[in-house]
Amino acid sequence: MANEHDGVDQPARADETDTDDEETPLPPEVVDEAERLTRLARETVDDNEAEAYREARAELLAEHDYTARVREEEHDVLVVHPEEWVEDGTVYPERIDDIERGIERPLSGPGDPDDWEEVWEHNMAIAEEVEREHGSAHGGNAEALAEFMSNHYAKRIDQATESELEEFVEEYYPRNVWPTDDQKAVVEESVELVVELTQRR
């Protein structure tokens, strides 16, 4: 089976660590950046530029002993998983000790616009404006919302539905964001501030 694979250094095995038999999860911001680089590589028409994006993604994930490939199907999917699962570009099922260490992000689908990069920049600009006006706690939450809307719905924040905002607060935020205590305490207010800002624009 053909797949996209970037080689990285061989990581330590899970049984060689001194933790309580729990793997350190891949930081969600790393997965978001890997997805962003993957989308940029897919969108560019310059082969050298696409390869540069893929190399940047490989270097980013290698810092955490992870690698990535794109699984091509009806709707393409970015698959991010520990490098130790792979040898010569092939994933060996017997090496998969905990399937939850693997992460998948859809890259295409009915709701994905062609101007994903423009959507990303628009949403991140809103997050930056929230931080300037209301401080780092609200800014951090606004950035998480910007990443959520860009990567999961490929939509501008000002097009978010009420159900999508609820999904962010109730499902995505607790599972995928590593907020500070200050951020966690004000996340619902942060979403309201983002909505108010988009309505003023």
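The values are calculated or read from the model by the stated rules, or taken from the named source; none is laboratory data. On a predicted model such as this, the values are computed, not experimentally measured, just so you know. Counting neighbours? That spans all protein chains shown, and the Cβs are built from the backbone with ideal geometry, glycine included. Surface accessibility is based on the protein's heavy atoms, side chains included, excluding ligands, DNA and RNA. Shrake-Rupley method; radii C 1.70, N 1.55, O 1.52, S 1.80 Å.
Here is a list of conditions, (1) at pLDDT below 85; (2) open to solvent by less than 40 Å² (accessible area, probe 1.4 Å), and Glu16 meets all of them except one; can you say which number that is?
Exception for Glu16: condition (2).
When only residues in region 125-157 that are within 20 Å of the chain's Cα centre (by Cα) and open to solvent by 60 Å² or more (accessible area, probe 1.4 Å) count, which is farthest from Arg36 (Cα to Cα)?
Glu128
Return yes or no: is Val177 touching a residue at least 40 places away in the same chain (Cβ under 8 Å), over 29 Å from Asp76 (Cα atoms) and in contact with a helix residue (DSSP H, G or I) (Cβ under 9 Å, 6 or more places away or on another chain)?
no
Mind telling me which of the residues Glu35, Glu84, Glu49 ends up being part of a helix (DSSP H, G or I) and open to solvent by 30 Å² or more (accessible area, probe 1.4 Å)?
Values: Glu35 fails: open to solvent by 30 Å² or more (accessible area, probe 1.4 Å); Glu84 fails: open to solvent by 30 Å² or more (accessible area, probe 1.4 Å).
None of the others qualify; the one that does is Glu49.
Here's the yes/no breakdown for (1) under 29 Å from Pro174 (Cβ atoms); (2) touching a Gly at 6+ places or on another chain (Cβ under 7 Å); (3) at pLDDT 85 or above:
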position: Asp9; (1), (2), (3): no, no, no
position: Pro25; (1), (2), (3): yes, no, no
position: Glu49; (1), (2), (3): no, no, yes
position: His81; (1), (2), (3): yes, yes, no
position: Asp115; (1), (2), (3): no, no, no
